[in-house]
Amino acid sequence: MPLGTLDRTPPPFFKQGISAFSKLVLFALLSVLCMVGDVRFRVAEPLRATLSVLLSPMQFMITWPKAGWSELSHWVVSRNEALDRAEEARLQMLRQSLRATRVEQLELENRQLRELLHLDLPEGIQGRVVEVLYDAPDPFTRKVIINKGASQGIKPSSPVMDAKGVMGQVTKVYPFVSEVTLVSDLGHATPIVNVRTAERGVVTGDGGPLPALSLRYIAGNADIDENDLLVTSGIDGVYPPGLPVARVVRVERRADTTFARVVCVPTAAVSAVRWLMVLNPATVAKRPEPDTGEQKP
């Protein structure tokens, strides 16, 4: 069959009405009209609001897992950061507390050193400042170890005191350290004189955990009262005269005994001092030789 004789028109059941181009132009004009109407007169605003309300549950269900995970991650991170900050704050408070304690200790040591430097020593007596290293290991004695010994000129029987009074005396000297027996030691005795009455006596340590002294061999009718100040008499050749030793805190007089019991406390801070003053040993004049009447040639 010749090609020119073929029918090119579509069959009746493929007919679509308006052509595709006409539909394109029509819908393009309709779209432009809708856009102009929406921009100018907000005609699509109710429809948009209705669709937003209808779609919001779906949007919530879709975004909930992501939002929940984000909130959970943020909570975990915030909790860890809060714990870290709390731990850092505790460490900072501990550092501040240690620093404050150290400052208080330094202030106490500076005050003790200033008091020792301004200590009014008897005329002709010199001393040197020493540091207490530790207490003696013997629990039945009251002794301390200081940081200077024979190589620094420390000598046995040297008096030791702080800014408030007599602490004791040097009993053992080693090359670089020395041992000081405190006035509260049970075997330590110090000749004293009562400032108010000028009566002499001897105070000995009680050796107990609390620093205390006893004034021995005081008659029951002796003139001694509470708050009397006792100072060194200087007759022992160890301590210079006039150094504060103790203060009377209690006097017990009983009819069944000849002597009174006198309890004293040291004027020095026996158990709470770090810096001490070691005085040079007192020099005792030699006894004159007895005159036999013989003349030497």
Problem set entry | ALA222 being in contact (Cβ under 8 Å) with a residue 40 or more places away in the chain, surrounded by 17 or more Cβ atoms within 10 Å (Cβ to Cβ) and in a loop (DSSP other than H, G, I, E, B) | no
Seminar exercise, completed: The residue that is nearest to PRO266 (Cα to Cα), considering only those in segment 165-201 that are part of a strand (DSSP E or B) and basic (Lys, Arg), is ARG200
Problem set entry | Residues satisfying the stated conditions in segment 232-275, i.e. surrounded by fewer than 20 Cβ atoms within 10 Å (Cβ to Cβ), without any contact (Cβ under 8 Å) to a residue 40 or more places away in the chain and of a type in the set (Val, Ile, Thr) | VAL249, VAL251, THR257, THR258
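Each row is one residue, and each column tells you yes or no for (1) farther than 22 Å from GLY242 by Cβ; (2) touching a helix residue (DSSP H, G or I) at 6+ places or on another chain (Cβ under 8 Å); (3) modelled with pLDDT under 90; (4) surrounded by 18 or more Cβ atoms within 10 Å (Cβ to Cβ).
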{"residue": "GLY149", "(1), (2), (3), (4)": "yes, no, no, yes"}
{"residue": "ILE154", "(1), (2), (3), (4)": "yes, no, no, yes"}
{"residue": "MET161", "(1), (2), (3), (4)": "no, no, yes, yes"}
{"residue": "ASP185", "(1), (2), (3), (4)": "yes, no, no, yes"}
{"residue": "VAL195", "(1), (2), (3), (4)": "no, no, no, no"}
Exercise. Do we have any residue at all in segment 242-255 that's among the small types (Gly, Ala, Ser), within 26 Å of THR181 (Cα to Cα) and either at pLDDT 80 or above or not in a loop (DSSP other than H, G, I, E, B) (or both)?
Worked result: yes
For this session: Read through the list (1) over 17 Å from ASP185 (Cα atoms); (2) in a strand (DSSP E or B), then give the number of the only condition that THR204 fails.
Result: (1)
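The values are calculated or read from the model by the stated rules, or taken from the named source; none is laboratory data. All figures in this text were calculated on a predicted structure; none of them were measured in a lab. Quick reminder, even Gly has a Cβ in these numbers, built from the backbone with ideal geometry, and neighbours come from all protein chains shown.
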